[in-house]
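To keep things clear, I will list the structure first and then write my remarks on it.
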Amino acid sequence: MSQALTRRTILKTAAIGAAAATFSRRTAAQTPPKVVVVGGGFGGATCARELKRRGLAVTLVEASAIYTACPFSNAVLAGLRPIEAQQFKLDAVEKGGVDIAQKMATGVDPQTRRVALEDGSSLDYDRLVLSPGVDIRFDALPGYDEAAAAIMPHAWKAGEQTLLLRRQLEAMDDGGTFVMAAPGNPFRCPPGPYERASLIAHYLKTHKPRSKLLILDAKDSFSKQRLFQAAWQDFYPDMIEWVSLSTGGKVIEVDAKTKTLVTDFGRHTGDVVNVIPPQRAGRIAQVAGVADRSGWCPIDPVTFESRLQPNIHVIGDASIAGGMPKSAFSANAQGKVCAAAIASLLRGEGPTEPKLINTCYSLVAPDYGISVAGVYSPRNGVLTDVEGAGGTSPVNAPPSFRAQEAVYAEAWFQTTTSEVYG
């Protein structure tokens, strides 16, 4: 009796164990891989939504309840649109099935595949996507730190800095001088400083016509230069002065107390001073070990997987994307390509080699737009311009063409933000 009971117990236990093992394997097979995306901007939010559409379990980590978009923020400076037009919530992303962790990511352990959050909790991942944008390098320009930024705003992260610079412009006397320091490459949005100069000049021409605008540049050339300078000559003659690197434009030191910018050739003091300093990939990229000595993140151009840490992908402004510029359009495109690549990799398949497109619109005046477009494909380990594709707006285009480009710019913003956040 005792032996039979023992045998039955053993057999029953073995059967339960076998069933449990079968259930465990079935459950594991049915559980989608976990992907964590850090950063809720154009790249991260796009990638999270695309991953979810492909049937993956996705958590988007974003500390801010409201994302303030940089594209068109220069129009906020010029009083052409309210800051609220730049602000978006992640409600629609969450309704689409993406889990939202409204917390700051503070660390990444590539060995255990775990993301640490500010409250002490953590998230496990099979694949991690970092889309952290940029951080300002407050150590790169002597005299320029966070305290100085409260006096001479960079406004290169849209939000309170944008509003601060706008208030300073509004308070400046007619006949005052606005001075901008533009950084050397690479940095977020290559045409951005020159669009900013254009729209601020529009504001000054309209409200403070005796004022001047000085651009001190750490470069000898810039994106869409011929188009910008031709438009400046037509719209803002004798108002905008651009000083190139070779003619003494590189700022090497700042004095916040006197609002003075120092170059090798002299000192320039402004009534309002906008310092756009050097940048690097957002802090979490540095912590995760995916940024190299340049401060940016080398990636595989097919999958956007880090060349420094396996199973981690970097998209958007933080990545070293070869010829593809750091722009919201690029980040949106990269988010889609990265999601497709991750889905293929998690299925054990080889990813498809991508072709990516970027179009960057800039406003010179409210009804005057210019653009540059490019097509990029992987070649020799980097994203490279496809020869003969893309280009800039025609130099001698009529006013009707420029007005249409301004309409296209607004349409791109509305369409893309609706796709990402709507």
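Each value in this text was obtained by applying a stated rule to the coordinates, not by laboratory testing. Values in this document were obtained by computation on a predicted structure and should not be read as measured data. Reconstructed Cβ throughout: ideal geometry from the backbone, glycine too, with neighbour counts over all protein chains shown.
Values as computed for the structure displayed
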item	result
Highest-first arrangement of 283-289, 327-333, where packing means the average Cβ count within 10 Å	327-333, 283-289
Pairwise FRET efficiency - Asp300 versus Asp119, Cβ, R0 = 25 Å, nearest 0.05	0.15
Antiparallel content of DSSP bridges confined to the chain, in %, to 5	55
Fully extended contour minus Cα-Cα distance, from Ala230 to Thr352, at 0.36 nm per residue	39.8 nm
Furthest towards positive pole of dipole, Leu141, Gly96, Phe304, structure part the chain, Cβ charges	Gly96
Extension reserve of the Asp109-Val395 stretch, reckoned as 0.36 nm per residue once the Cα distance is removed	97.9 nm
Size of charge dipole - region 146-277 - debye, nearest 20, with Cβ of Lys, Arg +1 and Asp, Glu -1, no other charges	220
Span per principal axis, largest first, for the Cα atoms of region 290-338 (Å)	25, 21, 13
Test item: Cα-centred dipole of the chain, Lys/Arg +1 and Asp/Glu -1 on Cβ, debye	1600
Calculated [θ] (222 nm, deg cm²/dmol) that DSSP helices of n ≥ 4 give over the chain, each run adding -39,500 (n - 2.57)	-10500 deg cm²/dmol
Label-point gap, in nm, between Thr247 and Arg283 - each point 7 angstrom along Cα→Cβ	4.0
Ordering of 75-81, 194-200 by burial proxy (mean other Cβ atoms within 10 Å per residue, highest first)	194-200, 75-81
Arg293, Arg347 arranged by Cβ crowding within 10 Å, fewest neighbours leading	Arg293, Arg347
Residue order, fewest to most surrounding Cβ atoms within 10 angstrom, among Lys34, Lys326	Lys34, Lys326
P(r) histogram, all alpha-carbon pairs of region 328-372 included - 5 Å bins from 0, percent	5, 20, 19, 14, 12, 10, 7, 6, 4, 3, 0
Cα-based radius of gyration of the chain once divided by 2.2 N^0.38 Å, which approximates compact folds	1.16
Those residues of region 250-268 whose amide nitrogen sits under 16 Å from the label point placed on Asp145, 7 Å along Cα→Cβ	253-258
Dipole of region 146-277 [Lys/Arg +1, Asp/Glu -1 at C-beta], most positive-end residue of Cys189, Phe178, Ser246	Cys189
Burial ranking of peptide ranges 174-180, 350-356 (average Cβ count within 10 Å, highest at the top)	174-180, 350-356
FRET E, pair Arg167, Ala85, Förster distance 22 Å, beta-carbon r, rounded to 0.05	0.80
Gyration tensor (alpha-carbon) shape descriptor, region 142-226, a/c threshold 1.5	oblate
Cα-based convex hull volume of region 86-208 per residue, rounded to whole Å³	181
